[in-house]
Amino acid sequence: MAPSALPPQDSIISNRPKVLIPEKVSPDGLALLSSSFEIHQPKNLSAQDLLAIIPDYDALIIRSETKVTVEVLAAAKRLKVVARAGVGVDNINVEAATQHGVIVVNSPSGNIVAAAEHTIALLMSVARNVPGGDRSLRSGGWERSKFVGTEVGGKTLGIIGLGKVGLKVARMGIGLGMKVVALDPYASPKIAAAASVELVNDLQSLLPLVDFLTIHTPLIASTLDLVSGPELAQMKKTAKVLNVARGGVYNEAALLDALDAGTIAGAGLDVFTSEPPAPGSTAEALCRHPKVVATPHLGASTVEAQENVSIDVCNQVLAILSGGVPTSAVNAPLILPEEYRKLQPFVGLVEKMGSIYTQHYSGKSPQGAVGGKKFDLIYEGELASIRNTRPLFAALVKGITSSISDSGGRDVNIVNANLIAKEKGIVINETHTSDSSDLVYASLVTLRTGSGEDEQDEQVISGYVSGKSIYISKLDKFNTSFVPEGTLLILHNYDEPGKIGGVGSILGKHGINIKFMSVAALDSDRRQEDKISGIETKGNEALMILGIEGTVDREVESELRREQGILDVSIVRL
Ligand SMILES: NC(=O)C1=CN([C@@H]2O[C@H](COP(=O)(O)OP(=O)(O)OC[C@H]3O[C@@H](n4cnc5c(N)ncnc54)[C@H](O)[C@@H]3O)[C@@H](O)[C@H]2O)C=CC1
Ligand SMILES: O=C(O)C(=O)COP(=O)(O)O
């Protein structure tokens, strides 16, 4: 391993999560990470070096040069996120990442203006021979007739892939006075029409029309060699092609042949099948071809784009390593920003509910055991209208497992939550209840376990969000309202005089400070039902929930249990 690729020695002793950044990423985003995490930016990291050091890292931030292979992902021991500071994720084995529970995020929009502008730069360069003229002049020439170009105004620009970059290129093309025709089976005809773009249905309808052709699809199995020999043969001899997408969407060998044979007039290429082009490769021959203007994958290389993508992905790395939800996960269902804003406070609530569940009920077997348990997670009110509640599902798995796993639940994320739940035999059934007629809160979340037939077996925790705070509104059969944070002492007792004083003096004796206290009464429906079914309640039961500072050890706990009228004691650390 080259000495420059070694991580700093101090990293071996530090416990802060580690972020590996083997490529050049703008410092704007990195500033967001440096206070909480250890950042290593080795230069010239080879594939071997990466394999050797990846087990040490929690996050990997890359651009297009680093290949995140099956082997890299298998070697990673604590990796939670691979962040692509850009759009294309074709250098990441996303499927393997999902299997290992690693979130892949990207920056879907941070560099699209840069990529579109670079496409136009190549368009004008190939149309007006700018690079050739410049080279000739530098070597003493003044060859005006050799570099006569063509105008783009009035010409037809063909676009394959009318996504974010493609649409920007289309608008710029229209601005240059071009007619724009596009092929994209998934594009919105309305958006295309609004941008004055004519949509066609197949390559045969597109290729013979165009004077310039540009591709803006991702590189996936169906777009590899999308334009090869037979397709190039359908184009005008005077046509020129552009590629700011990925090497491989045009078949390089077919393109080289067409340029040599004069059946295609020129090409503007930013991307290649091997980068940098391997010596003796077709990619290298294309770069050196007199009819080609080539740039070394500069599409996203602007100051602005690099700032954007860096801030975008570093924010997501920060969120993931802090147990939050990313905004652009590639291997997780898309969460719309509007939905994300609505869900965010509930993520914290549901996680706390899961954690309370495990700590409050554990030990009260068989109901308390977590493994093999079936949970109902019920969303009522406004929350019920959000269909994609996967972050809440993940938050529950995380909360339930946080107090019973080495990792404290930090390894649970929206990508692997399902897998972890399955491993632990936890079944979570999410229900969206539209009937919210008797709801006092805008949204209510309820976690319920138990048979449903025998209410004595049932365990219920409900919560809601008000402003920026989260509250638990029901615990078991008791109505309450407390903020779930810090250390909570939960006492189940008979609601008799003197209980609070007795508990207070035990805690005081052991130097335990009470920060807040909430008394939860038996919910009135339940009291009525108990009466009807003749359940002996020996007077009213209640829950005392105390927010405390100090350590409740076994001695304090058993003293509390011995206190008259105390039925149960649990300590919940949140
Ligand atoms: N050279 C560079 O530095 C940069 C390159 N890129 C490349 O550009 C690509 C496109 O980026 P965006 O526009 O942001 O992605 P996007 O996902 O917004 O758009 C891709 C479009 O391609 C369409 N498409 C997929 N398969 C197709 C097919 N077989 N035929 C026709 N259309 C098809 C999709 O429907 C979609 O509209 C990226 O995947 C990346 O590889 C992006 C940024 C910078
Ligand atoms: O965002 C993309 O897809 C790009 O191709 C940009 O690549 P880069 O980050 O400049 O290596």
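Bear in mind these aren't lab numbers, they're just calculated from the coordinates by the rules spelled out. Source: prediction; values computed, not measured. Ideal geometry is used to build each Cβ from the backbone, glycine not excepted, and the neighbour counts take in all protein chains shown.
Here are the numbers for the structure shown:
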quantity	calculated
Extended-chain gain in nm, criterion 0.36 nm per residue less alpha-carbon gap, residue 225 and residue 69	53.9 nm
Links that overshoot a 24 Å alpha carbon limit, given the list 18/515; 352/499; 164/237; 77/398; 18/373	18/515; 352/499; 164/237; 18/373
Cα-based convex hull volume of segment 112-294 per residue, rounded to whole Å³	116
Between 0 and 90°, nearest 10: helix 499-509 axis offset from the chain longest Cα axis	70
Burial order of peptide ranges 237-247, 463-473, 314-324, 276-286 (average beta-carbon count within 10 Å, highest first)	237-247, 314-324, 463-473, 276-286
Taking the chain and dividing mean pair separation by its residue count, relative contact order in percent (alpha carbons under 8 Å, at least six apart)	11
Scattering profile of segment 84-209 at q = 0.20, 0.23 Å⁻¹ [log10 I(q)/I(0), Debye over alpha-carbon scatterers]	-1.10, -1.24
Label zone at residue 551 (point 7 Å along Cα-to-Cβ), backbone N below 15 Å, segment 501-524	510-513
Packing rank of 438-450, 40-52, where each peptide gets the mean count of other beta carbons within 10 Å, highest leading	438-450, 40-52
Calculated from backbone phi, Karplus (6.51, -1.76, 1.60) coupling profile of segment 412-421 in Hz, x at Gly/Pro	8, 9, 5, 7, 9, 4, 4, 4, 5, 4
Contact order relative to length of segment 85-230, as percent, for alpha carbon pairs under 8 angstrom and 6 or more apart	22
Highest average packing first - 392-398, 419-425, Cβ atoms within 10 Å	392-398, 419-425
FRET efficiency for residue 338 and residue 281, using Cβ-Cβ distance with R0 set to 45 Å, rounded to 0.05	0.45
Modelled FRET efficiency - R0 60 Å, residue 109 with residue 496, Cβ distances, 0.05 increments	0.45
Sites residue 468 and residue 440 - FRET efficiency at Förster radius 25 Å, r taken between beta-carbons, to 0.05	0.85
Residue-averaged [θ]222 nm for the chain, counting only DSSP H segments that reach four residues, each worth -39500 (n - 2.57)	-9500 deg cm²/dmol
Nitroxide proxy distance, nm - points 7 Å out along Cα→Cβ at residue 137 and residue 307	3.0
Additional length obtainable on full extension of the chain from residue 24 to residue 427, 0.36 nm per residue less Cα span	140.8 nm
In degrees, nearest ten, helix 252-261 long axis to first principal axis of the chain (Cα)	20
Amide proton proximity set for residue 568, modelled H, under 5 Å, gap of 5+	492
Stokes-Einstein translational diffusion, the chain - Kirkwood Rh over all Cα pairs, 0.890 mPa s, 25 °C, in µm²/s	88
